[in-house]
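Colleague: Take this structure first; my questions come after.
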Amino acid sequence: MPGALQRPAVVSRMSDLIGCTPLLELATTGTGSRLLLKLEMFNPTGTAKIRMARQMVTDAEARGELRPGGRIVESTSGNTGLGLAVIAAERGYTFTAVVDHHACTDKLRAMKALGTELVHVVDDGTGELATAAREELAEDLARGRDNTVFTEQHNNPSNGIGYFPVAHELAEALDGRLDVLIGAVGTGGALCGTTRELRALIPPFTAIGVEPKGSIAFGGPAHDYYQSGTGTPEGAPVGALVDFDLIDEGVKVGDIEAFATCRAVARTGLLIGGSAGGVVHEALTRLSFLPPGTTMVALVNDGGEKYLDTVFNDDWMRARSLLDPAAEREIEELLTKLRRSR
(Lines give C-alpha, C1' and ligand atoms only; values in the text may rest on other atoms or scores of the structure.)
Protein backbone atom coordinates (compact mmCIF):
# COMPACT_ATOMS: atom_id res chain seq x y z
CA MET A 1 0.00 0.00 0.00
CA PRO A 2 2.67 2.56 -0.96
CA GLY A 3 1.65 6.07 0.04
CA ALA A 4 -1.80 4.93 1.17
CA LEU A 5 -1.14 5.65 4.83
CA GLN A 6 -0.11 9.28 4.50
CA ARG A 7 -2.63 11.73 5.94
CA PRO A 8 -3.72 14.51 3.52
CA ALA A 9 -2.53 18.04 4.28
CA VAL A 10 -6.08 19.46 4.31
CA VAL A 11 -9.20 17.58 5.44
CA SER A 12 -12.89 18.47 5.58
CA ARG A 13 -14.04 16.37 8.57
CA MET A 14 -12.52 15.49 11.93
CA SER A 15 -12.85 11.80 11.11
CA ASP A 16 -10.49 12.30 8.15
CA LEU A 17 -7.76 12.72 10.78
CA ILE A 18 -8.19 9.17 12.08
CA GLY A 19 -5.12 6.96 11.73
CA CYS A 20 -1.46 7.38 10.79
CA THR A 21 -0.63 7.56 14.50
CA PRO A 22 3.08 7.62 15.44
CA LEU A 23 5.35 5.05 17.04
CA LEU A 24 7.47 6.19 19.99
CA GLU A 25 10.53 4.25 21.11
CA LEU A 26 10.14 4.22 24.89
CA ALA A 27 12.93 1.85 25.85
CA THR A 28 15.73 -0.34 24.50
CA THR A 29 18.05 -2.96 25.94
CA GLY A 30 21.77 -3.43 25.59
CA THR A 31 21.02 -6.40 23.32
CA GLY A 32 19.10 -4.28 20.82
CA SER A 33 15.56 -5.15 21.85
CA ARG A 34 13.18 -2.20 21.81
CA LEU A 35 9.73 -1.24 23.04
CA LEU A 36 7.71 0.93 20.67
CA LEU A 37 4.44 2.53 21.68
CA LYS A 38 1.69 2.92 19.08
CA LEU A 39 0.31 6.26 20.27
CA GLU A 40 -3.38 6.08 19.48
CA MET A 41 -4.09 9.25 21.47
CA PHE A 42 -3.12 11.13 18.30
CA ASN A 43 -6.49 10.19 16.81
CA PRO A 44 -9.36 12.69 17.16
CA THR A 45 -10.84 12.42 20.71
CA GLY A 46 -7.46 11.14 21.92
CA THR A 47 -8.31 7.45 21.63
CA ALA A 48 -8.10 4.41 19.34
CA LYS A 49 -11.79 3.71 19.68
CA ILE A 50 -12.86 6.33 17.18
CA ARG A 51 -11.48 3.92 14.57
CA MET A 52 -14.07 1.28 15.34
CA ALA A 53 -16.80 3.83 16.07
CA ARG A 54 -16.56 5.05 12.48
CA GLN A 55 -16.53 1.49 11.13
CA MET A 56 -19.61 0.45 13.13
CA VAL A 57 -21.60 3.43 11.83
CA THR A 58 -20.38 3.03 8.24
CA ASP A 59 -21.33 -0.65 8.19
CA ALA A 60 -24.75 0.04 9.77
CA GLU A 61 -25.37 2.56 6.98
CA ALA A 62 -24.28 0.05 4.33
CA ARG A 63 -26.77 -2.50 5.69
CA GLY A 64 -29.56 0.06 5.56
CA GLU A 65 -30.06 -0.06 9.33
CA LEU A 66 -29.10 3.59 9.81
CA ARG A 67 -30.53 6.31 7.58
CA PRO A 68 -30.48 10.13 7.63
CA GLY A 69 -31.91 11.50 10.87
CA GLY A 70 -31.38 8.21 12.72
CA ARG A 71 -30.26 7.47 16.25
CA ILE A 72 -27.19 5.59 17.53
CA VAL A 73 -27.27 3.96 20.98
CA GLU A 74 -24.23 2.54 22.76
CA SER A 75 -23.16 1.44 26.22
CA THR A 76 -19.79 3.05 26.96
CA SER A 77 -17.30 3.87 29.67
CA GLY A 78 -16.26 6.90 27.65
CA ASN A 79 -13.86 6.43 24.75
CA THR A 80 -16.18 4.59 22.38
CA GLY A 81 -18.82 7.19 23.23
CA LEU A 82 -16.47 10.01 22.30
CA GLY A 83 -15.78 8.41 18.95
CA LEU A 84 -19.46 7.81 18.21
CA ALA A 85 -20.25 11.39 19.31
CA VAL A 86 -17.91 12.77 16.64
CA ILE A 87 -19.21 10.48 13.89
CA ALA A 88 -22.84 11.20 14.83
CA ALA A 89 -22.21 14.96 14.81
CA GLU A 90 -20.56 14.79 11.38
CA ARG A 91 -23.30 12.67 9.82
CA GLY A 92 -26.33 14.25 11.45
CA TYR A 93 -27.38 11.45 13.78
CA THR A 94 -28.61 11.63 17.36
CA PHE A 95 -26.35 9.72 19.75
CA THR A 96 -27.48 8.30 23.08
CA ALA A 97 -24.70 7.07 25.39
CA VAL A 98 -25.57 4.77 28.29
CA VAL A 99 -22.97 5.35 31.02
CA ASP A 100 -22.27 4.53 34.67
CA HIS A 101 -20.42 6.22 37.52
CA HIS A 102 -17.08 4.70 36.44
CA ALA A 103 -16.86 6.95 33.38
CA CYS A 104 -14.37 9.80 33.77
CA THR A 105 -16.09 13.15 34.25
CA ASP A 106 -14.08 14.74 31.45
CA LYS A 107 -15.27 12.08 29.00
CA LEU A 108 -18.89 12.68 29.96
CA ARG A 109 -18.48 16.44 29.58
CA ALA A 110 -16.84 16.04 26.20
CA MET A 111 -19.60 13.74 24.93
CA LYS A 112 -22.23 16.21 26.11
CA ALA A 113 -20.40 19.09 24.43
CA LEU A 114 -20.50 17.12 21.17
CA GLY A 115 -24.29 16.85 21.43
CA THR A 116 -24.62 13.43 23.06
CA GLU A 117 -27.65 12.47 25.13
CA LEU A 118 -26.30 10.85 28.33
CA VAL A 119 -28.39 8.18 30.08
CA HIS A 120 -27.05 6.94 33.43
CA VAL A 121 -27.74 3.48 34.79
CA VAL A 122 -28.86 3.42 38.40
CA ASP A 123 -25.97 3.20 40.87
CA ASP A 124 -26.52 0.04 42.92
CA GLY A 125 -24.17 1.30 45.64
CA THR A 126 -21.61 -1.50 45.25
CA GLY A 127 -19.02 0.67 43.53
CA GLU A 128 -18.55 -2.00 40.86
CA LEU A 129 -18.62 -1.62 37.10
CA ALA A 130 -22.14 -1.71 35.66
CA THR A 131 -21.25 -3.10 32.22
CA ALA A 132 -24.04 -5.68 32.14
CA ALA A 133 -26.66 -3.16 33.31
CA ARG A 134 -25.47 -0.63 30.71
CA GLU A 135 -25.71 -3.18 27.92
CA GLU A 136 -29.22 -4.20 28.94
CA LEU A 137 -30.45 -0.61 29.10
CA ALA A 138 -28.87 0.30 25.75
CA GLU A 139 -30.53 -2.67 24.10
CA ASP A 140 -33.89 -1.69 25.63
CA LEU A 141 -33.56 1.89 24.39
CA ALA A 142 -33.01 0.73 20.80
CA ARG A 143 -35.38 -2.22 20.66
CA GLY A 144 -38.29 -1.83 18.23
CA ARG A 145 -37.44 1.75 17.27
CA ASP A 146 -37.25 2.66 13.61
CA ASN A 147 -33.95 4.00 12.26
CA THR A 148 -32.26 3.34 15.61
CA VAL A 149 -29.14 1.20 15.97
CA PHE A 150 -27.57 -0.25 19.11
CA THR A 151 -23.99 -0.55 17.85
CA GLU A 152 -23.22 -3.15 20.55
CA GLN A 153 -19.46 -2.73 20.50
CA HIS A 154 -18.71 -5.91 22.48
CA ASN A 155 -20.28 -8.16 19.85
CA ASN A 156 -20.10 -6.12 16.65
CA PRO A 157 -17.68 -7.55 14.04
CA SER A 158 -17.20 -4.02 12.68
CA ASN A 159 -15.34 -3.23 15.91
CA GLY A 160 -12.47 -5.53 14.97
CA ILE A 161 -12.54 -4.49 11.31
CA GLY A 162 -12.13 -0.89 12.38
CA TYR A 163 -8.62 -1.73 13.59
CA PHE A 164 -7.42 -3.36 10.35
CA PRO A 165 -5.75 -0.05 9.32
CA VAL A 166 -3.60 -0.26 12.48
CA ALA A 167 -2.12 -3.48 11.10
CA HIS A 168 -1.27 -1.81 7.80
CA GLU A 169 0.27 1.17 9.57
CA LEU A 170 2.47 -1.13 11.66
CA ALA A 171 3.48 -3.33 8.73
CA GLU A 172 4.51 -0.28 6.70
CA ALA A 173 6.30 1.55 9.54
CA LEU A 174 8.28 -1.52 10.63
CA ASP A 175 8.99 -2.92 7.15
CA GLY A 176 7.27 -6.11 8.23
CA ARG A 177 9.53 -6.70 11.25
CA LEU A 178 7.54 -7.25 14.43
CA ASP A 179 8.16 -9.90 17.07
CA VAL A 180 5.68 -9.10 19.86
CA LEU A 181 2.39 -7.17 19.83
CA ILE A 182 0.90 -6.42 23.24
CA GLY A 183 -2.37 -4.70 24.00
CA ALA A 184 -5.30 -4.38 26.38
CA VAL A 185 -8.25 -6.73 26.04
CA GLY A 186 -11.67 -5.22 26.69
CA THR A 187 -14.05 -5.71 23.79
CA GLY A 188 -11.16 -7.50 22.07
CA GLY A 189 -11.50 -5.35 18.97
CA ALA A 190 -8.20 -3.48 19.12
CA LEU A 191 -5.80 -6.35 19.83
CA CYS A 192 -7.65 -9.11 17.98
CA GLY A 193 -8.65 -6.94 15.01
CA THR A 194 -5.10 -5.68 14.58
CA THR A 195 -3.64 -9.15 15.06
CA ARG A 196 -6.02 -10.82 12.60
CA GLU A 197 -5.11 -8.44 9.79
CA LEU A 198 -1.41 -8.26 10.71
CA ARG A 199 -1.00 -12.03 10.52
CA ALA A 200 -1.87 -11.79 6.81
CA LEU A 201 0.70 -9.04 6.23
CA ILE A 202 3.93 -10.00 8.02
CA PRO A 203 5.84 -13.06 9.31
CA PRO A 204 4.65 -14.76 12.53
CA PHE A 205 4.72 -12.78 15.76
CA THR A 206 3.48 -13.25 19.33
CA ALA A 207 0.29 -11.50 20.45
CA ILE A 208 -0.10 -10.85 24.20
CA GLY A 209 -3.37 -9.71 25.74
CA VAL A 210 -3.46 -7.74 29.00
CA GLU A 211 -6.48 -7.37 31.29
CA PRO A 212 -6.82 -5.98 34.82
CA LYS A 213 -6.64 -8.29 37.81
CA GLY A 214 -10.29 -8.87 38.68
CA SER A 215 -11.32 -9.20 35.04
CA ILE A 216 -12.45 -12.68 33.94
CA ALA A 217 -11.52 -13.08 30.25
CA PHE A 218 -8.35 -14.98 31.16
CA GLY A 219 -9.85 -16.62 34.25
CA GLY A 220 -10.61 -15.59 37.84
CA PRO A 221 -10.75 -14.65 40.58
CA ALA A 222 -13.16 -11.82 39.85
CA HIS A 223 -13.19 -8.57 41.81
CA ASP A 224 -13.64 -4.86 41.28
CA TYR A 225 -10.96 -2.89 39.45
CA TYR A 226 -10.41 0.74 38.46
CA GLN A 227 -8.82 0.44 35.02
CA SER A 228 -11.67 1.80 32.93
CA GLY A 229 -12.61 0.78 29.40
CA THR A 230 -10.89 -2.59 29.55
CA GLY A 231 -11.36 -6.08 30.87
CA THR A 232 -14.51 -8.10 31.50
CA PRO A 233 -16.05 -7.58 34.95
CA GLU A 234 -17.92 -10.31 36.79
CA GLY A 235 -21.46 -10.65 35.47
CA ALA A 236 -20.60 -9.49 31.95
CA PRO A 237 -20.04 -11.99 29.12
CA VAL A 238 -16.66 -12.07 27.40
CA GLY A 239 -17.13 -10.18 24.14
CA ALA A 240 -17.48 -12.11 20.91
CA LEU A 241 -14.47 -10.22 19.53
CA VAL A 242 -12.09 -11.71 22.11
CA ASP A 243 -10.61 -14.43 19.90
CA PHE A 244 -8.46 -16.67 22.08
CA ASP A 245 -7.06 -18.37 18.98
CA LEU A 246 -5.41 -15.07 18.04
CA ILE A 247 -4.01 -14.33 21.51
CA ASP A 248 -0.88 -16.35 22.23
CA GLU A 249 -0.76 -15.37 25.91
CA GLY A 250 -3.17 -13.64 28.28
CA VAL A 251 -1.87 -11.87 31.39
CA LYS A 252 -3.25 -9.75 34.22
CA VAL A 253 -1.89 -6.51 35.69
CA GLY A 254 -3.23 -4.97 38.88
CA ASP A 255 -4.44 -1.40 39.25
CA ILE A 256 -1.52 -0.40 41.46
CA GLU A 257 1.07 -1.57 38.92
CA ALA A 258 -0.84 -0.10 35.97
CA PHE A 259 -1.32 3.31 37.56
CA ALA A 260 2.21 3.42 38.97
CA THR A 261 3.44 2.88 35.41
CA CYS A 262 1.26 5.72 34.10
CA ARG A 263 2.72 8.05 36.70
CA ALA A 264 6.31 6.93 36.08
CA VAL A 265 5.96 7.23 32.29
CA ALA A 266 4.53 10.73 32.77
CA ARG A 267 7.91 11.78 34.14
CA THR A 268 9.42 11.02 30.73
CA GLY A 269 7.04 13.58 29.19
CA LEU A 270 4.27 11.22 28.06
CA LEU A 271 0.77 10.92 29.56
CA ILE A 272 -0.93 7.56 28.97
CA GLY A 273 -4.30 6.22 30.09
CA GLY A 274 -4.93 3.75 32.90
CA SER A 275 -5.35 0.58 30.87
CA ALA A 276 -2.36 1.58 28.72
CA GLY A 277 -0.38 1.65 31.98
CA GLY A 278 -1.12 -2.04 32.45
CA VAL A 279 0.05 -2.81 28.93
CA VAL A 280 3.26 -0.79 29.26
CA HIS A 281 3.97 -2.30 32.69
CA GLU A 282 3.83 -5.80 31.26
CA ALA A 283 5.92 -4.80 28.25
CA LEU A 284 8.63 -3.13 30.33
CA THR A 285 8.97 -6.04 32.72
CA ARG A 286 9.42 -8.46 29.80
CA LEU A 287 11.70 -6.41 27.59
CA SER A 288 15.05 -7.33 29.13
CA PHE A 289 14.26 -11.05 28.95
CA LEU A 290 13.41 -11.11 25.25
CA PRO A 291 15.83 -12.46 22.62
CA PRO A 292 18.35 -9.94 21.30
CA GLY A 293 17.02 -7.64 18.63
CA THR A 294 13.35 -8.15 19.50
CA THR A 295 10.87 -5.51 18.37
CA MET A 296 7.88 -5.23 20.70
CA VAL A 297 4.96 -2.89 19.99
CA ALA A 298 2.51 -1.88 22.72
CA LEU A 299 -0.88 -0.54 21.69
CA VAL A 300 -1.48 2.62 23.75
CA ASN A 301 -5.18 3.14 23.20
CA ASP A 302 -5.59 6.53 24.88
CA GLY A 303 -3.71 9.35 26.53
CA GLY A 304 -3.60 10.38 30.17
CA GLU A 305 -5.25 13.77 29.90
CA LYS A 306 -8.65 12.22 30.68
CA TYR A 307 -7.32 10.79 33.93
CA LEU A 308 -5.95 13.89 35.64
CA ASP A 309 -8.71 13.65 38.27
CA THR A 310 -8.11 9.94 38.88
CA VAL A 311 -4.85 8.18 38.04
CA PHE A 312 -2.82 11.40 38.33
CA ASN A 313 -4.67 12.70 41.39
CA ASP A 314 -2.93 11.74 44.66
CA ASP A 315 -6.09 12.23 46.73
CA TRP A 316 -8.21 9.99 44.47
CA MET A 317 -5.48 7.35 44.39
CA ARG A 318 -4.92 7.46 48.15
CA ALA A 319 -8.65 7.18 48.92
CA ARG A 320 -8.72 3.88 47.01
CA SER A 321 -5.42 2.55 48.43
CA LEU A 322 -3.83 2.70 44.98
CA LEU A 323 -1.03 5.17 45.64
CA ASP A 324 2.27 3.29 45.85
CA PRO A 325 5.41 5.47 45.61
CA ALA A 326 7.64 2.39 45.86
CA ALA A 327 6.02 0.84 42.80
CA GLU A 328 6.42 4.12 40.92
CA ARG A 329 10.11 4.29 41.86
CA GLU A 330 10.63 0.73 40.66
CA ILE A 331 9.20 1.55 37.23
CA GLU A 332 11.12 4.83 37.08
CA GLU A 333 14.38 3.00 37.80
CA LEU A 334 13.61 0.40 35.15
CA LEU A 335 12.78 3.11 32.63
CA THR A 336 15.94 5.02 33.46
CA LYS A 337 18.03 1.88 32.95
CA LEU A 338 16.36 0.99 29.65
CA ARG A 339 16.40 4.53 28.30
CA ARG A 340 20.13 4.79 29.07
CA SER A 341 20.69 1.86 26.73
CA ARG A 342 19.53 3.86 23.73
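The values are calculated or read from the model by the stated rules, or taken from the named source; none is laboratory data. Bear in mind that the values here come from a model prediction, so they are computed numbers and not experimental data. Cβ placement follows ideal geometry from the backbone for every residue including glycine, while neighbour counts extend to all protein chains displayed. Areas reflect the complete protein model, heavy atoms only, side chains present, ligands, DNA and RNA absent. Shrake-Rupley method; radii C 1.70, N 1.55, O 1.52, S 1.80 Å.
Colleague: Answer rounded, prolate or oblate for region 1-125, using the Cα gyration tensor with square roots of eigenvalues a ≥ b ≥ c: rounded when a/c is under 1.5, else prolate when a/b is larger than b/c, else oblate.
Modeller: Numbers: a/c = 2.53, a/b = 1.39, b/c = 1.82.
Verdict is oblate for region 1-125.
Colleague: Quick check: the angle from helix 49-62's long axis to the longest principal axis of the chain, C-alpha only, nearest 10 degrees?
Modeller: 40 degrees
Colleague: Now for a separate question. Rounded, prolate or oblate, given the Cα gyration tensor of region 221-261, with a/c below 1.5 counting as rounded?
Modeller: Cα axes put region 221-261 in the oblate bin.
Colleague: Here's a follow-up. Taking only C-alpha pairs under 8 Å that are 6+ residues apart, what is the relative contact order of region 184-259 in percent?
Modeller: On the way: 126 pairs, mean separation 30.8, N = 76.
Relative contact order of region 184-259: 41 percent.
Colleague: Continuing with the same structure: For Val122, what accessible area in Å² do you get when you roll a 1.4 Å probe over the heavy atoms of the protein chains, rounding to the nearest 10?
Modeller: Val122 exposes around 130 Å² with every protein chain in place.
Colleague: Moving to a separate point now. Loop-only check: which trypsin sites (Lys or Arg not before Pro) in region 56-111 are DSSP coil with at most 15 other Cβ within 10 angstrom? Mind showing how you got there, number by number?
Modeller: Working: sites: Arg63, Arg71, Arg91, Lys107, Arg109; in loops: Arg63.
Sites meeting the loop and neighbour criteria: Arg63.
Colleague: Just report the Cα centroid separation between region 43-89 and region 284-342, whole Å.
Modeller: 31 Å
Colleague: Around Phe150, under 12 Å between beta carbons, what's the net of Lys plus Arg minus Asp minus Glu among the other residues?
Modeller: On the way: positive: Arg71, Arg134, Arg143, Arg145; negative: Glu65, Glu74, Glu135, Glu136, Glu139, Asp140, Glu152.
It works out to a net charge of -3.
Colleague: Okay, next question. Within 10 Å of each candidate Cβ there may be at most 15 other Cβ atoms; applying that plus a DSSP loop requirement, which GluC sites (Glu not before Pro) in region 19-71 survive? Intermediate results must be reported in sequence, preceding the final value.
Modeller: Working: sites: Glu25, Glu40, Glu61, Glu65; in loops: Glu65.
When the GluC sites (Glu not before Pro) of region 19-71 are filtered for loop state and at most 15 Cβ neighbours within 10 Å, Glu65 remain.
Colleague: Using only Cα atoms and rounding to the nearest 10 degrees, what angle (0 to 90) does helix 189-199 make with the longest principal axis of the chain?
Modeller: Result, in degrees: 60.
Colleague: Still on this structure, please answer the following. For the chain, modelled as a GNM with alpha-carbon contacts under 10 angstrom, which of Gly254, Gly186, Gly160 fluctuates the most?
Modeller: Gly254
Colleague: While we're on this one: Sorting Leu334, Leu26, Leu114 by accessible area (1.4 Å probe), largest first, what list results?
Modeller: Working: Leu334 40, Leu26 0, Leu114 75 Å².
From most accessible down to least: Leu114, Leu334, Leu26.
Colleague: Rank these residues by their accessible area, most exposed first, probe 1.4 Å: His154, His223.
Modeller: Details: His154 35, His223 95 Å².
From most accessible down to least: His223, His154.
Colleague: Measure of size requested: the Rg and Dmax of region 160-228, with Cα atoms as the atom set and Å as the unit; please supply both.
Modeller: 13.7, 42
Colleague: Right, here's the next one. Give me the percent of the accessible area of region 87-226 that comes from carbon and sulfur atoms, probe 1.4 Å, all protein chains in place. Can you show the working numbers first?
Modeller: Numbers: 2960 of 5850 Å².
After summing per-atom areas, the C and S share lands at 51 percent.
Colleague: Using only the alpha carbons of region 249-322, determine the length spanned along each of the three principal axes and report them from longest to shortest in whole angstroms.
Modeller: Dimensions of region 249-322 along the principal axes of its Cα atoms: 41, 23, 18 Å.
Colleague: Something else: Arg143 to Ala113: extension gain in nm, 0.36 nm per residue of separation minus the Cα-Cα distance? All intermediate terms of the calculation are to be shown ahead of the outcome.
Modeller: Numbers: separation 30, 0.36 × 30 = 10.80 nm, distance 2.63 nm.
That pair, Arg143 and Ala113, stretches by 8.2 nm at full extension.
Colleague: May I pose another question? Report relative contact order for the chain in percent, whole number only (criteria: Cα-Cα under 8 Å, sequence separation at least 6). Mind showing how you got there, number by number?
Modeller: Working: 714 pairs, mean separation 67.8, N = 342.
Computed value for the chain: 20 percent relative contact order.
Colleague: Starting from region 265-324, pick out the chymotrypsin sites (Phe, Trp or Tyr not before Pro) whose DSSP state is loop and whose Cβ has at most 15 other Cβ atoms within 10 Å. All intermediate terms of the calculation are to be shown ahead of the outcome.
Modeller: On the way: sites: Phe289, Tyr307, Phe312, Trp316; in loops: Phe289, Phe312.
Answer by residue number: Phe289.
Colleague: So how much slack lies between Leu308 and Arg329, counting 0.36 nm per residue of separation and subtracting their Cα-Cα distance, in nm?
Modeller: Values: separation 21, 0.36 × 21 = 7.56 nm, distance 1.97 nm.
Stretched out fully, the Leu308 to Arg329 stretch lengthens by 5.6 nm.
Colleague: Another question about this same structure. When a/c reaches 1.5 or more, the comparison of a/b and b/c decides; with that in mind, is region 218-342 rounded, prolate or oblate per its Cα gyration tensor? Working shown, then result.
Modeller: Numbers: a/c = 1.87, a/b = 1.09, b/c = 1.72.
In terms of gyration-tensor shape, oblate.
Colleague: Treat region 179-272 as a sphere of radius equal to its Kirkwood radius over Cα pairs and apply Stokes-Einstein at 25 °C in a medium of 0.890 mPa s; give the translational diffusion coefficient in µm²/s, rounded to a whole number.
Modeller: Working: Rh = 14.0 Å.
Using the Kirkwood radius from Cα pairs, D works out to 175 µm²/s.
Colleague: Pop out the Kirkwood hydrodynamic radius of region 40-87 from its pairwise C-alpha distances, inverse of mean 1/r, in Å to one decimal. Could the numbers behind the result be given before it?
Modeller: Values: mean 1/r = 0.0903 Å⁻¹.
Taking the inverse mean of 1/r over all distinct Cα pairs, region 40-87 comes out at 11.1 Å.
Colleague: Now a separate question. Please build a GNM for the chain, connecting alpha carbons under 10 Å apart, and tell me which residue among Pro204, Pro44, Pro165 fluctuates the most.
Modeller: Comparing Pro204, Pro44, Pro165 in a Gaussian network model of the chain, the most mobile one is Pro204.
Colleague: Just to confirm the number: angle between the C-alpha axis of helix 274-287 and the first principal axis of the chain, 0 to 90 degrees, nearest 10?
Modeller: On a 0 to 90 degree scale, this one is about 30.
Colleague: Could you check which residue among Ala130, Ala89, Ala276 shows the biggest mean-square fluctuation in a GNM of the chain with a 10 Å Cα cutoff?
Modeller: Ala89
Colleague: Show which lysines lie in cross-link reach of Lys38 when reach means a straight Cα distance below 22 angstrom and same-chain residues fewer than eight apart are skipped.
Modeller: Answer for Lys38, where 22 Å is the Cα cut-off: Lys49, Lys107, Lys252, Lys306, Lys337, listed by chain and number.
Colleague: Turning to a different aspect of this structure: Considering only protein heavy atoms, what per residue accessible area in square angstrom results for the chain with a 1.4 angstrom probe? Let's see the in-between values first.
Modeller: Numbers: 14200 Å² over 342 residues.
For the chain, the solvent-accessible area averages 42 Å² per residue.
Colleague: Just the number, please: Stokes-Einstein D of the chain in µm²/s, Kirkwood Rh from C-alpha pairs, 4 °C, 1.567 mPa s. Before the final figure, lay out each step's value.
Modeller: Values: Rh = 20.2 Å.
Estimated diffusion coefficient is 64 µm²/s.
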